[in-house]
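The values are calculated or read from the model by the stated rules, or taken from the named source; none is laboratory data. Quick caveat: nothing in here was measured; it's all calculated off a predicted structure. No Cβ is skipped: glycine too gets one built from the backbone with ideal geometry, and neighbour counts run over all protein chains shown.
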Amino acid sequence: MPEITDLMETGQDSTLPGAPGALAAKALDFLRKTAKIIKNFSLLGKLSLAVIIFFIVLAVFAPYVSAYPYNLPSGKSLAPPGGGHPLGTDDLGIDIWAQLCRGAKISLIVGLGTALLAGLGGGLLGIISGYVGGILDKFLMRLIDIMLVIPDFPVMILLAAFLGPSLINIIIVLALFSWVSSARIARSQILMLKEKTYIKSAELYGAGAWYLMWKHFLPEIFPLIAVQMIRLTGRAIISEAGLSFLGLGDPTSKSWGLIIHYATSFKGIYFTEFWKWWLLYPWLFLTAMVTSLAFISRELEQVADPRVKR
Amino acid sequence: MRQKTRMRLIEYAITIWVVITLNFLLPRLIPGDPFLVLTSQSAEDEEIVLSEEQREFLFHYYGLDQPVYKQYFIYLGELFRGNMGFSVYYKQPVSHIVMHRLPWTVFMVLSSVILSTLIGTILGCFSAWRREKWVDKFLFLFMIFFSEIPSFLLGLILLFVFAAGLGLFPLAGAVTHFADFQSGWEKAWDVLHHAFLPIAALTISHLGGTYLLGRNSMTTVLEKDYLRTAWAKGLPKKRVIFRHALKNALLPIVTRVFLSLGSLVGGAILVENVFSYPGLGTLMRESVRVQDYPVIQGIFLVVTVCVLLANFLADVVYRKIDPRVGS
């Protein structure tokens with residue numbers, strides 16, 4: 001069958017990194033596809049995307065969009081919004097808007113870091129275990145069973161308390177408890193793919209595990225893992241906020257959760273008006289970010305997996 | 001069937017063993033000297049170290065001069081007798097403190113599980129019945145929105161709006177201290193009044209999952225043949241939905257309820273801290289603040305074992321009510 005070998009060869013050629021024209025065409029194609037997906041979003045999905053983009057811009061340009069430093073007092077303490085401080089100041093007189101911009105960066109770092117680590121690590125584990133099978137697969141399945149029933153938040157508190165508060169530690173702890181979902185998805189997909197005829201024929205033509213992985217498994221599984229990673233980002237941001245709220249956050253990098261922690265630890269916050277800016281704005285930012293991420297992953301789920309319908 | 005139950009039992013036993021071992025190993029794997037900061041309030045004044053004799057006494061007292069495997073067996077033995085160590089900060093046995101706080105957490109978690117399941121299922125059925133009508137669309141949007149907000153954020157806003165702003169509910173605690181209750185009813189009312197907002201926060205953020213599942217499950221059941229028969233018999237709508245369909249739509253909900261218990265407990269720990277509710281969650285925050293590791297570990301162990309037991313129970317119940325799984 002000459003056609004199949006031809007196809008395989010031409011397929012290989014187009015992915016060679018040396019051809020800039022092909023790369024540009026690929027990028028353009030990717031952009032066009034993305035635009036099409038976004039166009040098909042519901043109103044809620046588009047709104048969520050706008051919110052996320054807003055936060056990303058905020059995080060990237062944090063030093064430029066806030067007039068005051070995020071770590072030094074710049075006014076009267078507990079000043080209400082207005083008069084130079086758009087969202088007021090906290091008990092030390094630090095500008096809340098500046099802190100929120102900085103917090104966006106921290107939340108995104110934690111969220112994306114965890115998602116990358118857990119999504120890629122879990123996905124890879126799932127692929128290997130599904131493809132290799134045998135003892136390794138059995139062991140991983142038992143491990144996943146155990147991870148699924150252990151309540152994750154108490155373990156996170158325990159680990160965070162022992163490891164000590166630092167951003168890297170928090171990312172590691174969160175990733176340790178979020179890889180399970182992507183591993184399961186990847187594994188079940190591999191088990192299904194392994195039985196497909198085109199994989200079998202590729203194997204018959206001498207395709208090795210490495211080749212199959214890059215050529216067939218990853219392209220098939222990546223969209224599902226990517227959606228899962230967006231979901232993980234949201235969950236990691238929530239968990240980080242929870243840990244920070246309990247006082248287990250990294251004090252040197254003030255996330256939104258930590259601002260809420262300080263605000264709620266302030267004595268007498270309930271009997272004053274301070275919460276209307278000190279607590280409300282980080283709350284709004286956190287809620288908007290988390291719900292937007294969830295809505296986007298919901299929309300993308302329908303694109304990546306046509307079987308998932310409401 | 002009995003054999004399957006036994007298999008599950010073994011699996012759960014292994015999980016509990018893993019958790020206990022993790023609990024034993026963690027403090028020993030982390031670098032550092034446990035007695036370096038024991039006497040000091042913060043890490044800065046570490047200079048106040050113990051004398052060599054004191055250190056040796058403490059090492060011996062906690063059995064840390066023994067080989068690790070011996071420590072492990074001692075730990076297991078003590079745990080088996082209900083000894084989870086001694087709190088450095090509270091100067092009480094850990095088991096005593098934990099058992100004192102546990103009922104409040106159990107009360108909160110159980111009430112919100114029951115409430116969210118009941119309300120979620122009913123609303124889900126209602127939505128499936130009125131599918132694609134405006135009620136369904138509105139409920140669906142409302143539910144997916146609230147199910148994505150984490151419970152402690154929900155609790156924070158409830159606290160500030162209803163308790164701090166409007167003054168409808170107490171700000172913190174589980175009962176009014178030093179109150180002179182005339183009757184048991186009055187006391188029960190007081191407890192419910194305090195518990196209302198935390199339970200509401202947990203219930204609302206948990207409602208969405210049950211609702212979506214109930215709606216999906218109901219929609220599939222409604223398309224079954226035996227329901228067409230029920231309709232054809234001319235039974236009233238309510239009877240068809242709540243008698244014929246609900247029974248079969250309930251199965252996936254039952255499993256979900258118990259499987260979601262773990263995340264609910266995580267939420268409860270945070271929500272308790274929002275409302276300063278005197279359960280295990282607030283205890284955990286306090287112990288984290290004063291670095292009372294035996295207490296943190298004790299809470300972790302008790303919570304995990306409770307969740308695992310509940311999951312095992314769910315397995316057994318599920319096998320009982322679904323004849324297809326049992327045989």
Considering residues of the stretch A:15-49 that are in a helix (DSSP H, G or I) and over 29 Å from A:GLN302 (Cβ atoms) only, the residue modelled with the highest pLDDT: A:ALA24
Residue selected from the stretch B:271-327 under the condition of a type in the set (Phe, Trp, Tyr) and within 18 Å of B:PHE258 (Cβ to Cβ), by the criterion surrounded by the most Cβ atoms within 10 Å (Cβ to Cβ): B:PHE312
Residue selected from the stretch B:279-306 under the condition of a type outside the set (Val, Ile, Thr) and in contact with a Gly (Cβ under 7 Å, 6 or more places away or on another chain), by the criterion nearest to B:ALA13 (Cα to Cα): B:GLY298
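Okay, residues lined up against (1) surrounded by 17 or more Cβ atoms within 10 Å (Cβ to Cβ); (2) of a type in the set (A, V, I, L, M); (3) at pLDDT 85 or above:
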{"site": "A:ILE185", "(1), (2), (3)": "yes, yes, yes"}
{"site": "A:LEU191", "(1), (2), (3)": "no, yes, yes"}
{"site": "A:LEU224", "(1), (2), (3)": "yes, yes, yes"}
{"site": "A:ARG231", "(1), (2), (3)": "yes, no, yes"}
Residue, nearest to the other protein chains (Cβ to nearest Cβ), within the stretch A:235-256, restricted to residues that are among the small types (Gly, Ala, Ser) and surrounded by 24 or more Cβ atoms within 10 Å (Cβ to Cβ): A:GLY242
Whichever residue in the stretch B:257-296 is of a type in the set (Ser, Thr, Tyr) and within 22 Å of B:PRO103 (Cβ to Cβ) and, among such residues, is farthest from the other protein chains (Cβ to nearest Cβ): B:TYR277
The listed residue being touching a helix residue (DSSP H, G or I) at 6+ places or on another chain (Cβ under 6 Å) and acidic (Asp, Glu), out of B:GLU272, B:GLU223: B:GLU272
Of all residues making up the stretch A:257-279, the number that are without any contact (Cβ under 8 Å) to a residue 60 or more places away in the chain, under 15 Å from B:ALA172 (Cα atoms) and either part of a loop (DSSP other than H, G, I, E, B) or more than 9 Å from chain B (Cβ to nearest Cβ) (or both): 3
Among residues of the stretch B:217-256, those that are crowded, with 16+ Cβ neighbours inside 10 Å and within 14 Å of chain A (Cβ to nearest Cβ), counted: 5
